[in-house]
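First up is the structure itself, then whatever we jot down about it.
The values are calculated or read from the model by the stated rules, or taken from the named source; none is laboratory data. Note that the coordinates shown come from a computational prediction; the quantities given were computed from them, not determined experimentally. Cβ sites come from the backbone with ideal geometry, for glycine too, and all protein chains shown count toward neighbours.
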């Protein structure tokens, strides 16, 4: 699948969008989770701070004491990540056992009494601490003094929780991404299905199975279908006009050619044989071209409009044999038909009659005693063969070359083979020449590509 594929582009665009969306979602969810954990830790610190403030008292000398420290055992575990500290304006500092021999480096600010402050400060072992502190007024001996109370927690807990959450989230988002990628591929396939139907419709029109594209399509594709159908109609009208012009031209030349033939006969009667022969050669050349172009024009038009055409072969062959048998050259011949079933051919009856008539006439002209025509309902091919001298293998390819004047290769219907080839080409069929079992020439009428299949079968 190349980059020019619309399916590949849509799927690739969808995958990029999914990747970007999941990346943003993962980063955003991790940030929200980290903030949630930090907020939860802050709320826990507020609870510890209230417990610590409630447990502060003064001894008989007016010094600070913490009679009831917070109950969490981590405050007693050195460097546990949970700390408290109490200090007054006289320089006395009380701190939890978890701080060991360090103190919290609180910022030098002056919070108003009972106002809660939060800071992020460096802590023991290069840790980053989230601090909740409050300034309260307590009676120390015979005076009231401000006391600074702080509780801190190591933010490594937040980073660790966010890291674990990010790993779990990445796995979940990866699975979600695979599901979305599969859904995108299915969606693109469903979305492009009308184009596949359109392609099949165009193929059917091209093969002649239908005349127009089906109009039962989604709204987005319908304008295209309507335009293509209009183009087909316009092309059919133009082809029909071209056929009519070609037919008019050919028929218009028939009368002058007939008059020319009469003049040739008159010249022969007068003894001017050389002049008559030259004019007759020119007239025959013109007649050949007229007949050929007339057949080609009819075949091109009929082949283009052939939707659903199918001609029964047996009755047509019988009619052609009856007509040909009346000619003097064919009265001495034995015509045999070898057909299984009732085969039909997807060619117009008139064009098929043109093809088989030329082949039968050519076979009758060269046969010694027998002409055979055969077909099988299971195989799309027609054979016409005779027991005449045949054509050498080297000559067979030359006989069907474009531009070769076949009538110059001997007496008779070289022109007929050229017309046969032109008519069959308009339908996507071909003429194959081979050696007959009767010893003469075998002409095979078959769809294009049959030569390769026949060679493979052999």
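As a summary of the residue check, residue 336 satisfies the conditions (1) closer than 18 Å to residue 442 by Cα; (2) in a helix (DSSP H, G or I) except for the one numbered (2). Inspection of the range 13-23 finds a residue satisfying the criterion of being farther than 30 Å from residue 194 by Cα, in contact with a helix residue (DSSP H, G or I) (Cβ under 9 Å, 6 or more places away or on another chain) and at pLDDT 90 or above. Among the candidates 320, 352, the residue that is buried (at least 19 other Cβ atoms within 10 Å of the Cβ), out of contact with any strand residue (DSSP E or B) (no Cβ under 7 Å at 6 or more places or on another chain) and at pLDDT 85 or above is uniquely 320.
Filtering the range 361-381 to residues that are over 47 Å from the mean Cα position of the chain (by Cα) and outside any loop (DSSP other than H, G, I, E, B) leaves 361, 362, 363, 364, 365, 366, 370, 371, 372.
Out of the range 77-130, which residues are at positive phi and touching a helix residue (DSSP H, G or I) at 6+ places or on another chain (Cβ under 9 Å)? Residues satisfying the conditions are 79, 81, 100. The single condition among (1) surrounded by fewer than 16 Cβ atoms within 10 Å (Cβ to Cβ); (2) at pLDDT below 85; (3) on the phi < 0 side of the Ramachandran plot that residue 141 does not satisfy is (3). Evaluated against (1) modelled with pLDDT under 75; (2) in contact with a helix residue (DSSP H, G or I) (Cβ under 6 Å, 6 or more places away or on another chain); (3) closer than 30 Å to residue 206 by Cβ, residue 298 falls short on exactly one condition, (2).
Across the range 6-25, the number of residues qualifying as without any contact (Cβ under 8 Å) to a residue 40 or more places away in the chain and surrounded by 12 or more Cβ atoms within 10 Å (Cβ to Cβ) comes to 7. Considering only the range 64-76, I want to know if a residue exists there that is surrounded by 13 or more Cβ atoms within 10 Å (Cβ to Cβ) and touching a residue at least 60 places away in the same chain (Cβ under 8 Å). Looking for residues that are surrounded by 13 or more Cβ atoms within 10 Å (Cβ to Cβ) and touching a residue at least 60 places away in the same chain (Cβ under 8 Å), one finds at least one in the range 64-76, hence yes.
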